[in-house]
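Some notes on the structure that comes next.
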Amino acid sequence: YDLYLSAFPEFWSHTGRGNARAIALLDQALAVDPGFGPALAYKAWALAQQPAYLWSDDPLADRAAAADLAQRAAERASDHAPSLVATGAAIALVGAGLGRATQYVERALEIDPNNSWGHMRAGWNLIYAGRFPEAEAAFHHAETLSPLDPFRFNMKIGRAVVAREIHDLDTALTLLDEAMSLA
C-alpha cells in the first residue's frame, strides 16, 4: 500500500519521467501483492498514458500491457472509485471498448459523485461518443470540483475540443492557451 501511495506524486507530476517512476513503484507494489486491485488499475492507466503522451519507446507493447492490466484490475476494483476511474481511463486510452470504459467511470461516479477525475474522464468518454454538450458539462463540473487539479489542463483541452466541434474557434484557442499555461 505504501508503494502504491508513493506512486501518486510521480504520475500526478504528469511527466514522462514521473510516469516511469510511478510504473516502477507500482511494479514493486505488485511484486508484494500481485492481486492488489488499485495498483493494477493505476499501473494500467500509467502504461496507457505512455503512448498517449508520446512517452513510450514501444507503444504497442504498452497498450497491450495496459489493456491486460485493466482487465485484471476490473476483476478486483470492486467499489474503489479511484481504481474504477483508472481502469476506465486505461480502457479508453488504449481503445479497448468505450462502453466498458464508460461503465467503470459511471460506477465510480455513483460511488463518489464528487470525484473530479471521474468527471474529467467522463468528459473525454463523451467526446469519444460525439456527445459534446454533455462533455462540456462534465469538464466544467470537474473543474468546479477541483479548481487546482493537476489535470486541469486536460479539462481545458477537453473543453477546447468541444468548442472546436461546435465551431467556436475563438473559445477553443483561448482554452488551449489556458491549458498550455497550466501544463
Task: Solvent-accessible area per residue, Å², over segment 27-84 with all protein chains present [probe radius 1.4 Å] - done: 47 Å²
Task: Segment F8-N114, length gained on full extension (0.36 nm per residue, minus Cα span) - done: 36.3 nm
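What is the projected area of the convex hull of the Cα atoms of segment 141-183, averaged over all directions, in nm²?
2.7 nm²
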Open item on the list: If I model a spin label at E134 and R100 as a point 7 Å from the Cα along the Cα→Cβ vector, what separation in nanometres do I get?
Closed with: 2.0 nm
Task: Rounded if a/c under 1.5, otherwise prolate or oblate - segment 1-109, Cα gyration tensor axes - done: oblate
TODO: Please give the calculated 222 nm ellipticity per residue for the chain, where each DSSP H segment of at least 4 residues contributes -39500 (n - 2.57) and the sum is spread over every residue; nearest 500 deg cm²/dmol?
DONE: -25000 deg cm²/dmol
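By how many nm would the segment from A61 to D168 grow when fully extended, if each residue of separation counts as 0.36 nm and the alpha-carbon distance is taken off?
34.8 nm is the gain from fully extending A61 to D168.
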Open item on the list: Can you list the DSSP H helices in the chain whose Cα atoms extend at least 24 Å along the helix axis and whose mean Kyte-Doolittle hydropathy is 0.0 or higher?
Closed with: 16-32
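The values are calculated or read from the model by the stated rules, or taken from the named source; none is laboratory data. These figures come from a predicted structure and were not determined experimentally. A quick note on method: Cβ atoms are made from the backbone with ideal geometry, for glycine too, and the neighbour counts reach across all protein chains shown. Calculation scope for accessible area: heavy atoms of the full protein, side chains included, ligands and nucleic acids excluded. Shrake-Rupley method; radii C 1.70, N 1.55, O 1.52, S 1.80 Å.
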